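These notes concern the structure reproduced below.
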Amino acid sequence: MIRVLDRYRFLVGRISEFESCSEFASQVVPVINKLLTDVTKCADSKGEWGAEKVSLWEKPYVCSYILDRLFSFSIFTARVLSVGDPAHHTDGPTQKCM
(Lines give C-alpha, C1' and ligand atoms only; values in the text may rest on other atoms or scores of the structure.)
Protein backbone atom coordinates (compact mmCIF):
# COMPACT_ATOMS: atom_id res chain seq x y z
CA MET A 1 0.00 0.00 0.00
CA ILE A 2 2.87 2.33 0.78
CA ARG A 3 4.40 1.70 -2.63
CA VAL A 4 1.06 2.32 -4.33
CA LEU A 5 0.61 5.63 -2.49
CA ASP A 6 4.17 6.65 -3.32
CA ARG A 7 3.64 5.84 -6.99
CA TYR A 8 0.32 7.69 -7.00
CA ARG A 9 2.02 10.71 -5.44
CA PHE A 10 4.67 10.60 -8.16
CA LEU A 11 2.05 10.41 -10.94
CA VAL A 12 -0.03 13.23 -9.47
CA GLY A 13 3.16 15.27 -9.28
CA ARG A 14 3.75 14.65 -12.97
CA ILE A 15 0.25 15.68 -14.02
CA SER A 16 0.47 18.79 -11.85
CA GLU A 17 2.72 20.20 -14.57
CA PHE A 18 -0.23 20.23 -16.96
CA GLU A 19 -2.23 23.43 -16.85
CA SER A 20 -5.56 21.61 -16.85
CA CYS A 21 -4.57 19.47 -13.84
CA SER A 22 -2.65 21.92 -11.68
CA GLU A 23 -5.63 22.92 -9.53
CA PHE A 24 -6.58 19.30 -8.89
CA ALA A 25 -3.00 18.35 -8.09
CA SER A 26 -2.52 21.28 -5.71
CA GLN A 27 -5.46 19.99 -3.66
CA VAL A 28 -4.57 16.30 -3.82
CA VAL A 29 -0.79 16.35 -3.27
CA PRO A 30 -0.94 17.58 0.36
CA VAL A 31 -3.55 14.95 1.22
CA ILE A 32 -1.50 12.17 -0.39
CA ASN A 33 1.65 13.36 1.39
CA LYS A 34 -0.11 13.33 4.77
CA LEU A 35 -1.67 9.93 4.16
CA LEU A 36 1.66 8.49 3.02
CA THR A 37 3.42 9.92 6.07
CA ASP A 38 0.79 8.54 8.46
CA VAL A 39 0.72 5.09 6.86
CA THR A 40 4.52 4.91 6.83
CA LYS A 41 4.71 5.89 10.51
CA CYS A 42 2.11 3.27 11.40
CA ALA A 43 3.85 0.54 9.40
CA ASP A 44 7.25 1.44 10.88
CA SER A 45 5.91 1.37 14.42
CA LYS A 46 4.24 -2.01 13.94
CA GLY A 47 7.26 -3.64 12.33
CA GLU A 48 6.39 -6.60 10.14
CA TRP A 49 2.69 -6.66 11.05
CA GLY A 50 0.45 -8.25 8.51
CA ALA A 51 3.30 -10.24 7.00
CA GLU A 52 2.42 -13.84 7.63
CA LYS A 53 5.29 -16.24 7.91
CA VAL A 54 4.98 -19.30 5.72
CA SER A 55 6.31 -22.52 7.16
CA LEU A 56 8.98 -24.30 5.17
CA TRP A 57 6.72 -27.29 4.50
CA GLU A 58 3.93 -24.99 3.21
CA LYS A 59 6.03 -23.12 0.63
CA PRO A 60 5.74 -25.64 -2.24
CA TYR A 61 1.97 -25.90 -1.72
CA VAL A 62 1.46 -22.15 -1.51
CA CYS A 63 3.59 -21.63 -4.61
CA SER A 64 1.64 -24.27 -6.52
CA TYR A 65 -1.68 -22.84 -5.34
CA ILE A 66 -0.76 -19.30 -6.40
CA LEU A 67 0.52 -20.44 -9.80
CA ASP A 68 -2.67 -22.45 -10.38
CA ARG A 69 -4.83 -19.43 -9.51
CA LEU A 70 -2.74 -17.18 -11.77
CA PHE A 71 -3.02 -19.65 -14.64
CA SER A 72 -6.80 -19.94 -14.17
CA PHE A 73 -7.14 -16.17 -14.02
CA SER A 74 -5.08 -15.70 -17.18
CA ILE A 75 -7.25 -18.22 -19.07
CA PHE A 76 -10.41 -16.53 -17.79
CA THR A 77 -9.09 -13.09 -18.75
CA ALA A 78 -8.04 -14.25 -22.20
CA ARG A 79 -11.47 -15.71 -22.87
CA VAL A 80 -13.36 -12.68 -21.59
CA LEU A 81 -11.21 -10.12 -23.38
CA SER A 82 -10.71 -12.02 -26.63
CA VAL A 83 -12.71 -11.30 -29.72
CA GLY A 84 -15.70 -13.45 -30.60
CA ASP A 85 -17.96 -15.92 -28.86
CA PRO A 86 -16.15 -17.69 -25.96
CA ALA A 87 -18.11 -20.87 -26.68
CA HIS A 88 -16.39 -21.16 -30.07
CA HIS A 89 -12.82 -20.12 -29.19
CA THR A 90 -11.48 -23.55 -30.03
CA ASP A 91 -13.25 -23.66 -33.42
CA GLY A 92 -10.58 -22.47 -35.83
CA PRO A 93 -9.66 -18.82 -36.44
CA THR A 94 -10.83 -15.99 -34.24
CA GLN A 95 -14.05 -14.33 -35.30
CA LYS A 96 -14.69 -10.65 -34.87
CA CYS A 97 -17.73 -9.33 -33.05
CA MET A 98 -19.98 -7.17 -35.19
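The values are calculated or read from the model by the stated rules, or taken from the named source; none is laboratory data. Not measured: the values here are computed from a predicted model. Methodologically, a virtual Cβ is constructed for each residue, glycine included, from the backbone with ideal geometry; neighbour enumeration extends over all protein chains shown.
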Problem - Candidates Val54, Val31 - the one that is among the β-branched types (Val, Ile, Thr), modelled with pLDDT under 80 and surrounded by fewer than 13 Cβ atoms within 10 Å (Cβ to Cβ) - result: Val54
Practice task
Give me the pairs, please: first residue somewhere in segment 12-30 and among the acidic types (Asp, Glu), second residue anywhere and not in a loop (DSSP other than H, G, I, E, B), beta-carbon distance under 9 Å, and either six or more positions apart or on two chains.
Solution key: Glu17/Ala25
